[in-house]
Structure formats: C-alpha cells, structure tokens
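The values are calculated or read from the model by the stated rules, or taken from the named source; none is laboratory data. These numbers come from a predicted model, not from an experiment. All Cβ positions, even for glycine, are placed from backbone atoms using ideal geometry, and neighbour counts span all protein chains on display. Areas reflect the complete protein model, heavy atoms only, side chains present, ligands, DNA and RNA absent. Shrake-Rupley method; radii C 1.70, N 1.55, O 1.52, S 1.80 Å.
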Amino acid sequence: GDRYTGYGPSEYCNQPCDGDSSEICGGDFAMSVYRKSFSYVGCFADTNHRDFPYAMDFPGSNTVEKCHIECKQRGYKYFGVQASTWCYCGNSYGMYGTSTDCTLPCSGYTSEICGGNWANSIYEMTDSDVTPPPVPPTAVPTPPPTPVPTSSILPAPPSTNVPTAVPTSTPETSVPSSLPTTNVPDTSSPETSVPGSPPNVSTSPKTVAPNTTVTAVPETSVPGPDPAPVPHGQPSYIGCFNVAGFPLVSNSPNMT
C-alpha cells in the first residue's frame, strides 16, 4: 500500500515467519511494515576475477535481505547473491554480461533465489538507503616544542623555612681561685706571713632559654560538589502497525 499510519502502531508483532522462524511476521491484526529499500536488477555472469570486490560466505543462513544489510552497512550501492551461500558488494556490475543461471535457492531461505554457479542475482539499493563509509579522521601534526634559552632560566627562590630557635646562654664569669701571697721583707721582728685569703669564687648560673616550637596549622579541605548524573537515552521501537492501516480486502479472513 501507499500508507500505513491510519490506525496507529501496534504491540502485537510477535509471531515468527513460516519460512524463517528467526524473523517476525507481524501478529494478530498487526503487520510488520517494511519500506522498499532495494530493487532487483537481473542475473549477471561472474568469473575468477570477480565482478564485485567484496565477498562474504554465509553457509546455511544467506538470504537476499541479509546480504542487503551487510552491503548497506559497508556503504556499497549494489549487492549480489551467488551459489546459495555467497554475498557480494560493489558500486558497479555487469563486467561479464548477463546470465541465465540464477536458479539456486538461498541457503537461509529456500523460497528465494540466490544466484547460481558463476552467476549473481544483483540488486540495487535506493539512494536514501545507502550509508556512506565513515571518513577517517585527519591527523593534525604536533608542533615541536619551543626551546628555552639558558639565560632565561631563573634561579630557584631561597628557602622560606622558619629557622629553629637557638638557646641563649650567659657566658660564665671566671674568678681566680685565690689571691696572690704577699711576702714581707726580712726585719728584726719575726717573719710575718700573710696567709692567703680563701678563694672567693662567684659563678653565675647558666641561663638557658627554652626551645621555641613552631606548630603547623593543618590545612582545611573543602569538599567539591558531587558530579552531576549523566542521562542515558532510551531507544524507541517503531515498525509495528495495526493491519487496518492498509487498504482492506473484502474477502480477507477474520475481517468483518
């Protein structure tokens, strides 16, 4: 049909296809809607020097749709299936002309034809359906570091450590232990000897200043704000629509 949204989407596309149970074929009063994204071109011959440059082999699982998806993801304009299991991709075709040998069923879906021996069943993708291959990033050269002249290097600043306090002491005062003896010259009187005076020692006690202790002030750590939560996107599925959205056929079963 030409329209499909007349009755809105449906949640009942949950029934497997009869020919391939790994695919979903709608549900009760619900259709799995597809847009035509490729068209059949024809059957073309192939040789050892391949008509298409990119090849993949899918034994037991090859289908026209599978090959279409693989070549679309790689940005090619055309794709072809060959000898039941092979899938080929390229941007041009027909190097060896047409063929009539496209008669083998697909290994993943026997109701479809997947080329033949040395023959490709070739399809063309629509322009809007082709995904161009990614463009590799352009490398930006890193500039060399700028040399720093030796004369511009400044000396390291002097250390700002607080010096440790040095105790202060009073120097000792030294006093002679005794006075010198005085001798009296010899006279008629007996010799008089003046005894030495007892020592008079005056010693000042040491005065020691206590050490000065510098107490470091602990740093105060201010916690930063909590990181903001990163939102996560949620994909939405679109593709299952009510069957009433298509033109109805009067003799369709289960329809009144």
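Tyr109 exposes around 80 Å² of accessible area when a 1.4 Å probe is run over every protein chain in place.
Within the stretch 82-108, name every residue whose backbone N is under 15 Å away from a label modeled 7 Å from Cα of Val41 along the Cβ vector. Residues 82, 87-99 qualify, since their backbone N sits under 15 Å from the label point. Ordered from longest to shortest, the equivalent ellipsoid semi-axes for the stretch 1-133 are 29, 17, 12 Å, each the square root of 5 times a Cα gyration tensor eigenvalue.
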